[in-house]
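Accompanying notes for the structure given below.
The values are calculated or read from the model by the stated rules, or taken from the named source; none is laboratory data. It should be emphasised that the depicted structure is a prediction, and the values quoted were computed from it without experimental measurement. Reconstructed Cβ throughout: ideal geometry from the backbone, glycine too, with neighbour counts over all protein chains shown. The protein model used for the area step is the full one, side chains on, heavy atoms only, and it has no ligands, DNA or RNA in it. Shrake-Rupley method; radii C 1.70, N 1.55, O 1.52, S 1.80 Å.
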Amino acid sequence: MRIGELAAKTGLTTKTIRFYEQAGLLPAPPRTPGGYRDYPPRTVARLSFVRDAQAAGLTLAEIRSVLALRDSGQAPCAQVGTLIEEHLAEIERRMAELRKTRTVLRELARRAAVTDPDTCAAGDICTILARP
């Protein structure tokens, strides 16, 4: 199938499909006698996998490594499980950081609400952000 039809079936743009090919997520398709890309039908499933993997937070490099395993005939389940666990741990770490930041910002908002700019000394940059 030509790239326009593939784009319509996957909901991706032709530019994105070409990018994925260039990034090594899609093997180079055969060409028609006229030089057009001629993607096999299985490319639709591969592109769906790429989108699903990206939605799960996997990077293009991680997706490429999973596809390489599958292309070599191996089931990538263990690798995917490891990647998911790593991403979950990173999300948990970032959520903890965000909770700490939220606590700090709530305290700063409380201080900002009661701060009178007229009482700030000329040498102060911002008494709201200064540690009490």
Report the full-extension gain for the segment residue 55 to residue 23: residue separation times 0.36 nm, less the Cα-Cα distance, to one decimal in nm. 9.8 nm
Only four residue types carry charge here, +1 at the Cβ of Lys and Arg and -1 at the Cβ of Asp and Glu. Report the dipole size of segment 39-117 about the Cα centre in Debye, rounded to the nearest 20. 220 debye
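Rounded if a/c is under 1.5, else prolate if a/b beats b/c, else oblate: with a ≥ b ≥ c from the C-alpha gyration tensor eigenvalues square-rooted, which is segment 41-94?
Oblate is the answer for segment 41-94, as a/c is 1.5 or above yet b/c matches or exceeds a/b.
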Angle between the chain longest axis and helix 43-55 axis [Cα atoms, degrees, rounded to 10]: 10 degrees
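Of the accessible area of segment 20-132, with the probe set at 1.4 angstrom, what percent is carbon plus sulfur?
Carbon and sulfur atoms account for 59 percent of the accessible area of segment 20-132.
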Nitroxide proxy distance, nm - points 7 Å out along Cα→Cβ at residue 2 and residue 99: 5.5 nm
Full-stretch length increase - residue 109, residue 42 - with 0.36 nm per residue and alpha-carbon distance subtracted: 18.7 nm
For segment 28-92: relative contact order, % (alpha-carbon pairs under 8 angstrom, 6 or more apart): 18 percent
What is the distance in Å between the Cα centroid of segment 88-130 and that of segment 1-17? 47 Å
Dipole magnitude of the chain, debye to nearest 20 (Cβ charges: Lys/Arg +1, Asp/Glu -1, about Cα centre): 400 debye
Over segment 1-65, relative contact order from alpha-carbon pairs under 8 Å, at least 6 apart, %: 35 percent
Starting with the highest mean, order 79-85, 102-108, 63-69 by the number of other Cβ atoms within 10 Å, averaged over the residues of each peptide. 63-69, 79-85, 102-108
Taking 117-125, 93-101 and ranking on average Cβ neighbours within 10 Å, highest first, one gets 93-101, 117-125
Residue 130 versus residue 71, label points 7 Å from Cα toward the beta carbon: distance in nm? 6.1 nm
Solvent-accessible area per residue for segment 9-132 (1.4 angstrom probe, square angstrom): 72 Å²
Cβ-Cβ cut-off under 13 Å around residue 58, Lys and Arg +1, Asp and Glu -1: the net charge is -3
Normalised by the residues of the chain, what does the relative contact order come to in percent, with Cα pairs under 8 Å and at least six apart? 16 percent
